[in-house]
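Take a look at the structure set out below.
The values are calculated or read from the model by the stated rules, or taken from the named source; none is laboratory data. Predicted model, so just to flag it, every value in this text is computed and none were measured. Using ideal geometry, Cβ is built from the backbone for each residue, glycine included, and neighbour counts are taken over all protein chains shown.
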Ligand code: ATP
Ligand code: MG
């Protein structure tokens, strides 16, 4: 038997219902916030990720799926969504549109060579948004509140917004220097990855899952003491807006995000769910004001977040949020003889075109088995066709809740069903 590759999984059955539900809620929340859908390729020139995500990030240093195609091009399966959206923004000259900022949402699979475990896959799905062209703290608040609203809309409530700022270039560089200074004498107490990070990406040490409880990190200097006035005022504005919007947040100086391109606001929405282990972050994002320029476009500020759909499915299943998701059929049409089947075929189509979820038997089952099937499908109304009724122009309808039966004129059947659902 051929089996699926390690770290992938099939989305079907109950999981598929959650998957579609999440994408549906996400799309509708984004539309209300006036974001437009964007789809970019699943593979891109390898250089795009190496440049934007950064050589020293976990993603590029050990998680990408790189390959050469038959034309000897270096390609990479996208590990995240931001780089592709920014590439598209530049390549399609969207910075020239009169409508600014550009606000996008996307949904799709990403690929990371990680050690598979709860909430961590090699083919993962993400939903995310990116806003390009506004540096206003209003947009930071909008993006964070969109993420918050999304989880709330799905009934995920025990969520904390953890927020931090990395400041502008000057603040970040001053902080970086002081952090390296502080960490150098303690370097032997940190994990091997962090020892390397000290020269390549020292801020990332604060976010290390191995060293997260070490005393060294707890006593590390805080970015808050290194922010210049401009960065500080900007951060305070974001917090003020969040309070005004009733978004509960918690400042967490250890949130630095793994990627190189972030500055100013960085945030994560974290769920209080034990079974997710080290994978409790549901949404993660931040501002990246230098990325567009860095990838060859005109100076354009940006901010976004991504949320792991697989983790959201896990949380919804855990919270048993299936009330709205597992819906039965509205109508089951029962027919046995060929003549009854013909009438059923047309009736089923008419109902479906009226957006009534309708099913009929296609396996030549007897009447008794059809009743059982209708119950398994949780049918709300049964239409029981039989030749004698049909000759008189009548149709038997049974309400599957009250068990009441009525005979309805065949010309009035559609109206009758609609008004009884
Ligand atoms: P983590 O700290 O958990 O490794 P990350 O910093 O790598 O996350 P991002 O790159 O910001 O995460 O991705 C955004 C979101 O995508 C995460 O918050 C998480 O919900 C989801 N995600 C990340 N990696 C995986 C994975 N391997 N499998 C499933 N979902 C993932
Ligand atoms: Mg990761």
Quiz prompt | So residue 231, is it out of contact with any helix residue (DSSP H, G or I) (no Cβ under 8 Å at 6 or more places or on another chain) and either at pLDDT 90 or above or within 16 Å of ligand 1 (Cβ to nearest atom) (or both) | solution = no
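Conditions (1) under 16 Å from residue 88 (Cα atoms); (2) more than 16 Å from ligand 1 (Cβ to nearest atom); (3) touching a helix residue (DSSP H, G or I) at 6+ places or on another chain (Cβ under 7 Å), marked per residue:
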| residue | (1), (2), (3) |
| --- | --- |
| 3 | no, yes, no |
| 7 | no, no, no |
| 12 | no, yes, no |
| 16 | no, yes, no |
| 19 | no, no, yes |
| 41 | yes, yes, yes |
| 46 | yes, yes, no |
Quiz item: Name the residues in the stretch 281-309 that are within 14 Å of ligand 2 (Cβ to nearest atom) and without any contact (Cβ under 8 Å) to a residue 40 or more places away in the chain, would you?
Solution: 281, 284
Exercise. Look at the stretch 130-147 and say how many of its residues are over 12 Å from residue 302 (Cβ atoms), in contact with a helix residue (DSSP H, G or I) (Cβ under 8 Å, 6 or more places away or on another chain) and crowded, with 23+ Cβ neighbours inside 10 Å.
Key: 1
Quiz item: Taking the stretch 102-129, which residues are crowded, with 18+ Cβ neighbours inside 10 Å and either away from ligand 1 (no atom under 13 Å from the Cβ) or modelled with pLDDT under 95 (or both)?
Solution: 102, 103, 104, 105, 119, 120
Exercise. Could you pull out the residue among 354, 347, 312, 316 that is touching a residue at least 24 places away in the same chain (Cβ under 8 Å), buried (at least 16 other Cβ atoms within 10 Å of the Cβ) and under 19 Å from residue 397 (Cβ atoms)?
Key: 347
Quiz item: Do we find that residue 169 is more than 14 Å from ligand 1 (Cβ to nearest atom) and in contact with a strand residue (DSSP E or B) (Cβ under 6 Å, 6 or more places away or on another chain) in this structure?
Solution: no
Quiz item: When you look at residue 67, is it assigned to a strand (DSSP E or B), away from ligand 1 (no atom under 16 Å from the Cβ) and modelled with pLDDT of 95 or more, yes or no?
Solution: yes
Quiz item: Within the bounds of the stretch 7-27, is there any residue that is in the same structural domain as residue 296 (by TED's automatic domain parsing), within 16 Å of ligand 2 (Cβ to nearest atom), surrounded by 13 or more Cβ atoms within 10 Å (Cβ to Cβ) and part of a loop (DSSP other than H, G, I, E, B)?
Solution: no
Quiz item: Counting just the residues of the stretch 70-101 that are within 16 Å of ligand 1 (Cβ to nearest atom) and part of a strand (DSSP E or B), which one comes out farthest from the chain's Cα centre (by Cα)?
Solution: 76
